[in-house]
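Peer 1: One structure follows; several queries about it will come next.
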Amino acid sequence: MVLFGKRKSDGWKVQVAATAAHEHPSSPNFPWDQLQAHTDLYLRKKGKLTPAERDFKLAALVDDYDDRDVAIAACAFAMSSQTLRVLLNVESNVTPVTYYGLYAYLQSLIAVNYRGQPGVVSDLEAKWARALVPYSSPGPQAAARFLEGVASVLRDKLLQNLQSMPNFSILTRRALVDFASNLEGFKLKNQWAAAQAAVVWLSKLLKNPSPPSHDLGPEQLLDSQFPSWRIWAAWKPDLDRIRLLEILPGHTKAIFVDTGGPCNLYHRNQPDPRTLWDAEHRSQDPDGRRIQDYLSSAFMLP
């Protein structure tokens, strides 16, 4: 019902936004009780509702609010387990490839564990969600960041397998596929600087392996789902060369597609790469042949 051009849900949204003040469920300052009071008031204004009607209206509030996790935190106490599970469906919350929605999804898990019906989100899932929040920013390297977080959590928290947490299992499998696809794309496009940035966490893992254990570790997970990770982790390119390769003309860069990318060898008697493509050499070497000769000495395929 609309009174004077304003719906009751509009008032709820204004109150929730003002109370939350950009805080999220993982924050120690999150105003749980105040947000619940706003939802209580909203439901009282709606009058007598059946459980199904209440779920429908609260789910509509969640879907219509920008910060989904905040809305879930405000409404979870009054929603059924079934409706909460629908709202927490990972496939509909987290966008493939870019992982938009991952941050809000992790925050929502924390919220439902704290204020939702018991058993919908376990304490272990909430701990994982809290640990992965710092690794949940979206974008081109989102899969790598998320997997770095998973590797960190697996080192610190005992877990026999991921099947006990199906939502995290889905996200991890998806991230492994996306990560492998991203690396293959970088390789095909000669985007070696981006590839190197994406595998830094693998190099750290290889250098500092997990202690032996019967539990699932990051190495076991990667060995089973992404066997070539150790090759990428051992790849140590010459950063000056791969940065130089980024500025080569397209027709010159193309000769490196089949060779697999810049190597980690650096010849002492060769000039500094940063001096090879300045204004003077551009005029003397318009086709990039001097750079081509410099880079073609040796390559290593990750």
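Each value in this text was obtained by applying a stated rule to the coordinates, not by laboratory testing. Just so you know, these numbers come straight off a predicted model, no measurement behind them. Cβ: placed from backbone, ideal geometry, glycine included. Neighbour counts: every protein chain shown.
Peer 1: Extending each Cα 7 Å along its Cβ direction at A37 and I170, get the distance between those two points in nm, one decimal.
Peer 2: Placing both labels 7 Å beyond Cα along the Cβ direction yields 3.6 nm.
Peer 1: Here's another thing I want to ask about it. Quote the charge dipole size of segment 1-118 about the Cα centre in Debye, to the nearest 20; the model charges only the Cβ of Lys and Arg (+1) and of Asp and Glu (-1).
Peer 2: 540 debye
Peer 1: By how many nm would the segment from D223 to S203 lengthen if fully extended, with 0.36 nm per residue of separation less the alpha-carbon distance? List each step's numbers first, then the result.
Peer 2: Values: separation 20, 0.36 × 20 = 7.20 nm, distance 1.45 nm.
Length gained between D223 and S203: 5.8 nm.
Peer 1: So, one more: Taking the Cα-to-Cβ direction at K236 and at E23 and moving 7 Å from each Cα, how far apart do the two end points lie in nm?
Peer 2: Label at K236, label at E23, 4.8 nm between them.
Peer 1: Select from segment 186-217 those trypsin sites (Lys or Arg not before Pro) which occupy a DSSP coil region and have at most 12 other Cβ atoms within 10 Å, ordered by residue number. Before the final figure, lay out each step's value.
Peer 2: On the way: sites: K187, K189, K204, K207; in loops: K189.
Within segment 186-217, the qualifying trypsin sites (Lys or Arg not before Pro) (loop, at most 12 other Cβ atoms within 10 Å) are K189.
Peer 1: Per 5 Å bin, what is the whole-percent P(r) computed from every C-alpha pair distance within segment 163-241?
Peer 2: Cα pair-distance distribution for segment 163-241, in percent: 3, 13, 23, 24, 18, 11, 5, 2, 1.
Peer 1: Using the per-residue mean of other Cβ atoms lying within 10 Å as a proxy for protection, in what order, highest first, do the peptides 79-88, 64-73 fall? If you can, show how the numbers build up before the last one.
Peer 2: Working: 79-88: 18.6, 64-73: 22.0.
Packing proxy ranking, top to bottom: 64-73, 79-88.
Peer 1: Here's something else I'd like to know. Gain in length, K45 to L216, computed as 0.36 nm per residue apart minus the alpha-carbon separation, to one decimal in nm? Don't skip to the end; give the middle numbers.
Peer 2: Working: separation 171, 0.36 × 171 = 61.56 nm, distance 5.02 nm.
56.5 nm is the gain from fully extending K45 to L216.
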